[in-house]
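Each remark here refers to the structure printed beneath this line.
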Amino acid sequence: AGERSWILSQLTTVKVGPKMTHLLKKMEHGYPLLQAPAINKGDAFTQLERDAQGLQGLLPPVVRTMKQQVERAKDALASYGNPLHKYQMLMALLDANETVFYRLIIDNVELYMPIIYTPTVGLACQKYGDIWQRPRGMFLSIQHRGRVRQVMDNWPEADVNVTVVTDGERILGLGDLGANGMGIPIGKLNLYTACAGIHPRKCLPLLLDVGCNTVALRDHPTYTGLAQERVRGKDYERFLEEVMDALNEKWPGILVQFEDFGNTTAFDLLHKYRRKMCCFNDDIQGTASVALAGLMSACSVKGSRLRDEKIVFMGAGEA
């Protein structure tokens with residue numbers, strides 16, 4: 001409970017860059033304040049706050065506590081039977097009131113983790129263009145070559161500690177989803193905040209759009225990315241190098257988590273950058289380390305040695 005309280009307290013105290021500071025100053029008063037999910041409290045604004053911030057008449061008269069807001073959201077979610085509908089409601093809550101969203105997830109991790117991440121996030125990625133409502137995260141496309149650092153400066157946060165980056169080629173077990181794979185970095189970083197206490201302002205969901213080889217998806221009218229075949233070879237490598245250099249220059253020491261890259265690039269990227277930057281590949285190292293930890297713990301409980309056990313490998317994942 002103490003750790004959770006600390007996490008929630010951090011959600012209101014964070015250093016932001018000049019662009020975001022200017023944005024918050026503009027949104028300190030009146031209706032725009034209700035449109036800023038990082039600082040919006042919804043109907044939890046007190047009467048004194050409503051007087052001070054020009055919110056009288058813009059909210060229902062009742063003043064709710066955060067606990068009441070969370071219970072209301074929980075009841076609403078329970079009324080949905082379809083997991084994708086639950087996902088859509090949770091993302092709408094995230095876009096409206098981040099503090100209530102994270103309070104809800106932190107207090108109910110086991111209940112909502114399968115919604116904001118696997119397995120539901122897979123379906124959300126497949127339907128990403130159909131359910132898209134509001135941009136979240138950063139999209140860098142191959143068309144930004146030569147000015148990636150300039151484009152990255154459009155991100156409003158001055159202090160980013162971690163990015164989860166994917167090019168969408170191998171999303172879970174679903175294959176190449178291209179730009180629709182943005183749901184994965186968003187969902188993974190939701191868990192970074194809810195489970196590890198990393199402030200959401202310090203997290204960057206990053207999608208690298210180099211095309212998509214799933215023709216049916218690429219040609220769909222609601223597809224959100226570049227409608228072209230994937231760029232490979234030297235052009236791809238140069239683009240990735242420009243992205244990595246820009247990340248390291250803008251936010252020195254940033255943790256880069258490679259997520260859901262295809263077999264053709266995942267190992268090469270890890271080999272190239274693991275000695276240059278703070279980075280890891282979750283599909284190669286994360287899965288493998290958790291599996292090893294489970295085996296070691298099982299041996300400890302059993303009182304045996306790992307070298308004496310017989311182990312069967314099933315599947316052919318990155319790990």
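Residue-wise test of (1) hydrophobic (A, V, I, L, M, F, W, C); (2) under 17 Å from residue 212 (Cα atoms).
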{"site": "160", "(1), (2)": "yes, no"}
{"site": "163", "(1), (2)": "no, no"}
{"site": "168", "(1), (2)": "no, yes"}
{"site": "172", "(1), (2)": "yes, yes"}
{"site": "179", "(1), (2)": "yes, yes"}
{"site": "182", "(1), (2)": "yes, yes"}
{"site": "185", "(1), (2)": "no, no"}
{"site": "190", "(1), (2)": "no, no"}
{"site": "195", "(1), (2)": "yes, no"}
Among (1) open to solvent by 80 Å² or more (accessible area, probe 1.4 Å); (2) closer than 19 Å to residue 180 by Cβ; (3) not in a loop (DSSP other than H, G, I, E, B), which single condition is residue 220 missing?
(3)
Odd one out for residue 259 among (1) over 27 Å from residue 276 (Cβ atoms); (2) open to solvent by less than 20 Å² (accessible area, probe 1.4 Å); (3) of a type in the set (D, E, K, R)
(1)
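Let's see how each residue does on (1) surrounded by fewer than 16 Cβ atoms within 10 Å (Cβ to Cβ); (2) assigned to a helix (DSSP H, G or I); (3) not hydrophobic (A, V, I, L, M, F, W, C):
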position: 266; (1), (2), (3): no, yes, no
position: 271; (1), (2), (3): yes, yes, yes
position: 285; (1), (2), (3): no, yes, yes
position: 290; (1), (2), (3): yes, yes, no
position: 295; (1), (2), (3): yes, yes, no
position: 298; (1), (2), (3): yes, yes, no
Among the helices (runs of 4 or more DSSP H) lying completely within segment 104-184, list those that include at least 2 residues that are under 23 Å from residue 194 (Cβ atoms).
109-116, 120-126, 128-131
When segment 28-37 is checked residue by residue, the ones that are part of a loop (DSSP other than H, G, I, E, B) and open to solvent by 30 Å² or more (accessible area, probe 1.4 Å) are 28, 29, 35
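Please work out if residue 241 is free of Cβ contacts under 8 Å to residues at least 12 places away in the same chain, open to solvent by 40 Å² or more (accessible area, probe 1.4 Å) and either part of a loop (DSSP other than H, G, I, E, B) or not hydroxyl-bearing (Ser, Thr, Tyr) (or both). Spell out how you get there, then give the answer.
Values: free of Cβ contacts under 8 Å to residues at least 12 places away in the same chain: yes; open to solvent by 40 Å² or more (accessible area, probe 1.4 Å): yes; either part of a loop (DSSP other than H, G, I, E, B) or not hydroxyl-bearing (Ser, Thr, Tyr) (or both): yes.
So residue 241 passes the test.
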Residue within segment 302-319 that is under 24 Å from residue 191 (Cα atoms), in contact with a helix residue (DSSP H, G or I) (Cβ under 6 Å, 6 or more places away or on another chain), open to solvent by less than 90 Å² (accessible area, probe 1.4 Å) and not hydroxyl-bearing (Ser, Thr, Tyr) present:
yes
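Report whether or not residue 201 is among the charged types (D, E, K, R), over 22 Å from residue 240 (Cβ atoms) and surrounded by fewer than 22 Cβ atoms within 10 Å (Cβ to Cβ). Step through it out loud before you land on a result.
Values: among the charged types (D, E, K, R): yes; over 22 Å from residue 240 (Cβ atoms): yes; surrounded by fewer than 22 Cβ atoms within 10 Å (Cβ to Cβ): no.
Spelling it out, it is not the case that residue 201 is among the charged types (D, E, K, R), over 22 Å from residue 240 (Cβ atoms) and surrounded by fewer than 22 Cβ atoms within 10 Å (Cβ to Cβ).
Here's the yes/no breakdown for (1) in a helix (DSSP H, G or I); (2) closer than 25 Å to residue 196 by Cα; (3) open to solvent by 70 Å² or more (accessible area, probe 1.4 Å):
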residue: 39; (1), (2), (3): no, yes, no
residue: 43; (1), (2), (3): yes, no, no
residue: 55; (1), (2), (3): no, no, no
residue: 64; (1), (2), (3): no, no, yes
residue: 68; (1), (2), (3): yes, yes, yes
residue: 73; (1), (2), (3): yes, yes, no
residue: 85; (1), (2), (3): yes, no, yes
residue: 91; (1), (2), (3): yes, yes, no
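Condition check ((1) surrounded by 14 or more Cβ atoms within 10 Å (Cβ to Cβ); (2) hydrophobic (A, V, I, L, M, F, W, C); (3) under 15 Å from the mean Cα position of the chain (by Cα)) across all residues:
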| residue | (1), (2), (3) |
| --- | --- |
| 61 | no, no, no |
| 76 | no, yes, no |
| 79 | no, no, no |
| 88 | yes, no, yes |
| 116 | yes, yes, yes |
| 120 | yes, no, yes |
Residue 193 vs. criteria open to solvent by 20 Å² or more (accessible area, probe 1.4 Å), over 21 Å from residue 268 (Cα atoms) and at pLDDT 95 or above:
no
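The values are calculated or read from the model by the stated rules, or taken from the named source; none is laboratory data. Remember, it's a predicted structure, so these values are computed and weren't measured experimentally. With ideal geometry, Cβ positions are generated from the backbone for all residues, glycine too; neighbour counts draw on all protein chains shown. What goes into the accessible areas is simple: the full protein's heavy atoms, side chains included, and nothing from ligands, DNA or RNA. Shrake-Rupley method; radii C 1.70, N 1.55, O 1.52, S 1.80 Å.
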